[in-house]
Amino acid sequence: MTVRTARPDEHDLVGELTVEVYVGGGLVAPDSGYVPELRDARARAAHTELLVAEIAGEVVGAVAYCPPGSRYAAVADADEAEFRMLAVVERARGLGVGRALVEACLHRARAAGLRGLRLVTQHNMPVAHRMYERMGFRRTPERDWSLDSGKRLLIYHMPL
């Protein structure tokens with residue numbers, strides 16, 4: 001497996017992969033206003049480091065690493081990074097793809113001398129929650145927040 005920065009010619013693929021995982025996996029409703037944002041990997045790549053995981057030449061996962069100041073960083077403090085929209089296609093789950101993408105984000109945050117890495121997740125992602133906790137992330141419920149729709153978002157943090 002290789003984790004690397006997505007090439008511009010892969011941005012549309014990453015957008016579709018992300019929608020496939022979130023909508024196809026029942027994590028987000030097909031008519032959610034979040035779907036266009038999930039699909040727009042080109043915009044993410046302009047304001048984050050868009051990373052992909054590749055196995056045997058096939059992109060099987062993606063994540064947006066948001067350094068300080070990124071417009072995609074929703075919950076990170078000024079001396080922290082954040083990652084968003086972690087997605088792994090179903091056929092590649094259980095192969096360590098999600099973990100490798102998160103480790104790439106941790107590496108970037110440490111190399112930048114940041115003090116922590118944060119993420120936002122939904123309550124309906126228990127498999128991801130277990131992975132984050134095994135990796136050393138801890139819930140910070142005092143930072144949780146709710147969308148206008150009332151959906152509660154959970155915040156995790158790893159000090160570096």
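Looking only at the stretch 50-95, residues that are outside any helix (DSSP H, G or I), under 16 Å from Val21 (Cα atoms), small (Gly, Ala, Ser) and touching a residue at least 24 places away in the same chain (Cβ under 8 Å) come to 4 in all. The set of residues in the stretch 25-49 that are free of Cβ contacts under 8 Å to residues at least 24 places away in the same chain and either over 22 Å from Arg71 (Cβ atoms) or open to solvent by 50 Å² or more (accessible area, probe 1.4 Å) (or both) comprises Ala29, Pro30, Asp31, Gly33, Tyr34, Pro36, Glu37, Ala46. Only one of the listed residues (Tyr65, Tyr72) is of a type in the set (Ser, Thr, Tyr) and either at positive phi or crowded, with 23+ Cβ neighbours inside 10 Å (or both). That residue is Tyr65. If the condition is being open to solvent by less than 20 Å² (accessible area, probe 1.4 Å) and either within 16 Å of Val63 (Cα to Cα) or touching a Gly at 6+ places or on another chain (Cβ under 9 Å) (or both), then the stretch 101-128 contributes Leu101, Val102, Ala104, Cys105, Leu106, Ala109, Leu117, Arg118, Leu119, Thr121, Gln122. Here Ala53 does not qualify as within 13 Å of the chain's Cα centre (by Cα), under 20 Å from Arg138 (Cα atoms) and surrounded by 15 or more Cβ atoms within 10 Å (Cβ to Cβ). Considering (1) within 18 Å of Val14 (Cβ to Cβ); (2) out of contact with any Ser or Thr (no Cβ under 6 Å at 6 or more places or on another chain), the lone condition that Met85 does not fulfil carries the number (2). Pairing each residue of the stretch 128-151 that is more than 22 Å from Asp77 (Cα to Cα) with any residue that is in a loop (DSSP other than H, G, I, E, B) and modelled with pLDDT of 95 or more, provided the two are 6+ apart or on different chains, yields C-beta distances under 9 Å for Met131/Phe137.
The values are calculated or read from the model by the stated rules, or taken from the named source; none is laboratory data. Remember, predicted model here, so these are calculated numbers, not experimental data. Note that we place each Cβ from the backbone using ideal geometry, even for glycine, and neighbour counts take in every protein chain shown. Areas reflect the complete protein model, heavy atoms only, side chains present, ligands, DNA and RNA absent. Shrake-Rupley method; radii C 1.70, N 1.55, O 1.52, S 1.80 Å.
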